[in-house]
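Chemist: Take this structure first; my questions come after.
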Amino acid sequence: MAATATALDPRSGAALEKLGRWLDNRTVLSVLFMFPAASILLVFLTYPLALGVWMGFTDVKIGRPGIFIGLENYISLFNDGVFLLSVFNTIVYTVVATIFKFGLGLWLALLLNHTIPFKAYVRAFVLLPYIIPTVLSAIAFWWIYDAQFSIISWGLSQFGLIDRYIDFLGVPWNARWSVIAANVWRGIPFVAICLLAGLQTISPSLYEAAALDGANSWQRFRHVTVPMLMPILAVVLTFSVLFTFTDFQLIYAITRGGPLNATHLMATLAFQRAIPGGQLGEGAAIATAMIPFLVGATIFSYYGLQRRKWQQGSQDD
Amino acid sequence: MASVDVRKVFKRFGSVEVVHGIDVTIEEGSFVVLLGPSGCGKSTLLRMIAGLEEITSGEIAIGGKVVNNVPPKDRDIAMVFQNYALYPHMKVYDNMAFGLKLRGAEKATIDQKVRQAATILNLTEYLDRFPRQLSGGQRQRVAMGRAIVRDPQVFLFDEPLSNLDAKLRVQMRTEIRELHQRLKSTSVYVTHDQIEAMTMADKIVVMRDGHIEQSGAPLEVYDRPNNLFVAGFIGSPAMNLVEGTVKRANGATQVVTADGVSLPAGANAVAAEGSKVIYGIRPDHIALANGGASLDVEVAVVEPTGAETLVVGKLGKTDIQAAFRERHAFKPGQRVPMTPMLDKVHLFDAGSGRRLG
């Protein structure tokens with residue numbers, strides 16, 4: 001190719017040849033190929049993250065550039081009862097919701113793994129809570145938990161189980177359990193479908209072998225299902241924890257953090273302080289304070305996700 | 001050890017009946033092979049013996065005790081699966097010990113039994129490995145080890161060698177056979193490979209479409225196939241089957257094909273004159289003619305295997321195969337006079353496919 005170029009015009013031919021050689025360089029090529037993806041990541045991920053962390057060290061407010069104030073935001077946060085309450089709320093919310101999501105999700109996955117009539121439809125139906133936009137389902141829960149029109153209160157009073165309507169969202173612990181229930185309802189499909197996918201990779205002949213070996217159904221679950229499901233369980237657990245820990249929509253649409261900040265999570269508090277409150281620096285500091293927790297969860301999953309020894313080696317069966 | 005009795009067993013999946021009333025007796029200590037093409041119901045029958053499939057009707061008894069409603073774990077059987085079904089997250093040792101552990105055996109007993117089985121199967125140095133770190137043949141042996149540590153009444157094998165390469169298959173065939181001679185355990189073995197069946201079985205049960213076509217000792221089934229299906233299925237290369245009409249002349253019986261070739265059928269052939277029959281002769285029961293009446297075979301392909309020479313040719317319009325122990329240097333297109341060994345000729349009724357005589 002270079003030869004034909006030279007024949008046409010000696011000068012541009014030499015330049016083209018140089019460019020061609022330069023493009024054949026592996027380093028140049030790899031940088032070139034990475035550029036589109038890397039630029040998207042840099043512009044939309046790294047830059048906002050770095051900006052947020054930086055803002056946490058300043059006293060920037062909406063409409064007013066701030067100056068660097070070091071750890072002042074963090075020091076004030078550690079003496080701020082509302083922030084500490086939000087950390088407590090976030091941990092309770094994440095831990096309790098995750099336990100329920102996994103317990104019920106695994107149970108649902110096991111049920112769906114059986115041969116049931118209209119299997120495909122039932123499975124699609126299970127995904128429904130996950131498909132509905134969060135805000136929409138949050139509004140539905142808002143009605144379900146309404147102090148006067150709650151269908152739960154109405155149902156229980158019809159059965160004569162209660163004589164006063166429950167104030168779901170007006171009492172701190174009621175409110176916490178209520179939003180946790182809403183989060184669990186929304187999160188179960190994701191867990192159930194992921195675990196179902198995991199269950200379906202387990203060869204039925206392993207269960208048959210275990211049955212012949214003398215295992216009852218609990219032992220089959222304990223010695224076959226659980227260990228075989230562990231790798232996918234670790235992945236789903238990590239994602240579920242990350243999503244729950246950073247949850248914003250559900251809380252903001254149902255309670256806005258009330259009553260008395262009882263349902264404020266770190267994410268909602270960060271938004272509350274930064275945007276409506278105008279304290280961008282402080283909001284950014286709260287958001288940055290979530291990073292250690294998230295890194296912790298990621299490290300946990302990194303070890304959980306490592307290929308177990310038994311997964312190594314070939315599989316030619 | 002125990003015998004297994006299968007009495008009038010039917011199996012339906014929904015509205016589809018796949019096993020139509022099977023009767024088999026598997027004697028104590030014998031090695032019985034269920035043989036048939038895929039979809040013949042042999043695996044289903046084995047799984048019913050194991051208790052992994054429900055029996056629609058009929059009875060299965062192990063050691064004289066009807067087990068229709070006994071769960072698999074209480075039938076005292078062990079099974080070797082086609083895909084081995086080893087627990088991937090357990091080491092070889094634990095794979096073999098699992099059944100004993102669940103049954104609450106003592107640690108010392110478990111250890112002794114596992115090590116003993118490992119010695120028998122040459123697995124001692126692999127006890128500490130995970131199944132994925134083993135080769136196919138080693139996994140196969142672990143699967144057998146898992147079965148023998150339990151010392152069960154009956155061993156069930158579901159096509160255990162079909163995932164192995166040809167050489168290993170032959171080797172494992174011998175090992176399984178040796179193991180059986182050593183343990184004298186009642187074994188039921190499912191395969192679609194008639195060589196495996198011939199070489200390993202005390203008794204072969206040939207199945208097709210959920211029926212038993214024939215059962216008996218391997219050589220008996222080979223020498224006297226009951227019907228056309230068995231004749232064609234057992235033996236490799238397959239028996240030559242040629243359609244024709246019976247003619248008697250001068251005390252000799254002949255089968256005349258549509259294109260006029262006369263096949264000699266021996267004096268004691270019991271077939272009525274003029275009846276339509278299928279004439280069967282195995283390739284190794286065809287010899288070169290030494291003068292006298294002969295069949296004029298036009299050679300198409302010569303396949304030397306070293307041990308024998310397989311000649312594929314045309315007899316009139318019919319394809320015919322002949323196998324010789326000697327190394328003949330035939331050329332394609334050459335006409336070779338051949339003659340069937342008269343006492344090895346099989347005649348089958350053309351309508352029903354049943355053996356005549």
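Derivation of every value follows stated rules applied to the coordinates shown; laboratory data play no part. Only a predicted model underlies this, so the values are computations on that prediction, with no experimental measurement involved. Positions of Cβ are generated from backbone atoms using ideal geometry, with glycine treated the same way; all protein chains shown enter the neighbour counts.
Chemist: At what distance in angstrom do the alpha carbon centres of the stretch B:13-50 and the stretch B:126-197 lie from each other?
Modeler: Each part reduced to its Cα centre gives a spacing of 19 Å.
Chemist: Give the Rg (one decimal place) followed by the Dmax (whole number) of the stretch B:71-225, computed from C-alpha coordinates and expressed in Å.
Modeler: 16.3, 52
Chemist: List the equivalent ellipsoid semi-axes of the stretch A:72-311 in whole Å, largest first, each obtained as the square root of 5λ for an eigenvalue λ of the Cα gyration tensor.
Modeler: Computed over the stretch A:72-311, the values are 36, 26, 14 Å.
Chemist: Another question, then. Dimensions of the stretch A:10-55 along principal axes (Cα, Å, largest first)?
Modeler: Largest to smallest, the principal-axis extents are 56, 19, 13 Å.
Chemist: Between A:W177, A:W22, A:W154, which gets the highest mean-square fluctuation from a Gaussian network model of chain A, Cα cutoff 10 Å?
Modeler: Largest GNM mean-square fluctuation: A:W22.
Chemist: Which net charge results when you count Lys and Arg as +1 and Asp and Glu as -1 among the other residues whose beta-carbon is under 10 Å from that of B:R169?
Modeler: Taking every other residue near B:R169 into account, the sum is -1.
Chemist: Which of the peptides A:56-67, B:231-242 is most tightly packed, and how do the rest follow, judged by the mean count of other Cβ atoms within 10 Å per residue?
Modeler: In decreasing order of mean packing, A:56-67, B:231-242 become B:231-242, A:56-67.
Chemist: Sticking with this one: Which aspartates and glutamates have a Cα less than 15 Å from the Cα of B:K184, not counting those fewer than 8 places away in the same chain?
Modeler: By straight Cα distance, B:K184 reaches B:E27, B:E28, B:D151, B:E175, B:D202.
Chemist: Can you give me the three principal axis dimensions of the stretch A:2-145 from its C-alpha atoms, in Å, biggest first?
Modeler: 81, 61, 25
Chemist: Beta carbons within 10 angstrom, averaged per residue: use that to sort the peptides B:159-170, A:188-199, highest first.
Modeler: A:188-199, B:159-170
Chemist: Just to confirm a number: summing +1 for Lys and Arg and -1 for Asp and Glu over residues other than A:A285 whose beta-carbon lies under 14 angstrom from that of A:A285, what do you get?
Modeler: -2
Chemist: Sum up the charges of everything whose Cβ sits under 10 Å from the Cβ of B:A117, counting Lys and Arg as +1 and Asp and Glu as -1, but leave B:A117 out.
Modeler: Neighbour charge sum, excluding B:A117 itself: +4.
Chemist: Please work out the ratio of the alpha-carbon Rg of chain B to 2.2 N^0.38 Å and round it to two decimals.
Modeler: Chain B yields a ratio of 1.19.
Chemist: Beyond 16 Å, what percent of the Cα pairs of the stretch A:257-305 remain?
Modeler: The proportion of pairs with Cα distances above 16 Å equals 49 percent.
Chemist: Which number do you get for Rg(Cα) / (2.2 N^0.38 Å) in the protein assembly as shown?
Modeler: In units of the globular-protein estimate, the protein assembly as shown measures up at 1.46.
Chemist: I need the peptides B:22-28, B:256-262 ranked by packing, meaning the mean over residues of other C-beta atoms within 10 angstrom, with the highest value on top.
Modeler: Most protected by this proxy first, the peptides run B:22-28, B:256-262.
Chemist: Report, in degrees rounded to the nearest 10, the 0 to 90 angle that the Cα long axis of helix B:136-148 makes with the longest principal axis of chain B.
Modeler: Rounded to the nearest ten degrees, it is 60.
Chemist: Also: If you average the alpha carbon positions of the stretch A:234-297 and of the stretch A:26-82, how far apart do those two centres end up, in angstrom?
Modeler: 17
Chemist: Cross-link list B:K73/B:K113; B:K203/B:K344; B:K11/B:K167; B:K8/B:K73; B:K11/B:K91; A:K119/B:K11: which exceed 28 angstrom alpha carbon to alpha carbon?
Modeler: B:K11/B:K167; B:K11/B:K91
Chemist: On to the next question. Expressed as a fraction of 2.2 N^0.38 Å, the rule-of-thumb size for a compact globular protein of N residues, what is the C-alpha radius of gyration of the stretch B:239-357?
Modeler: Here the answer is 1.05, to two decimals.
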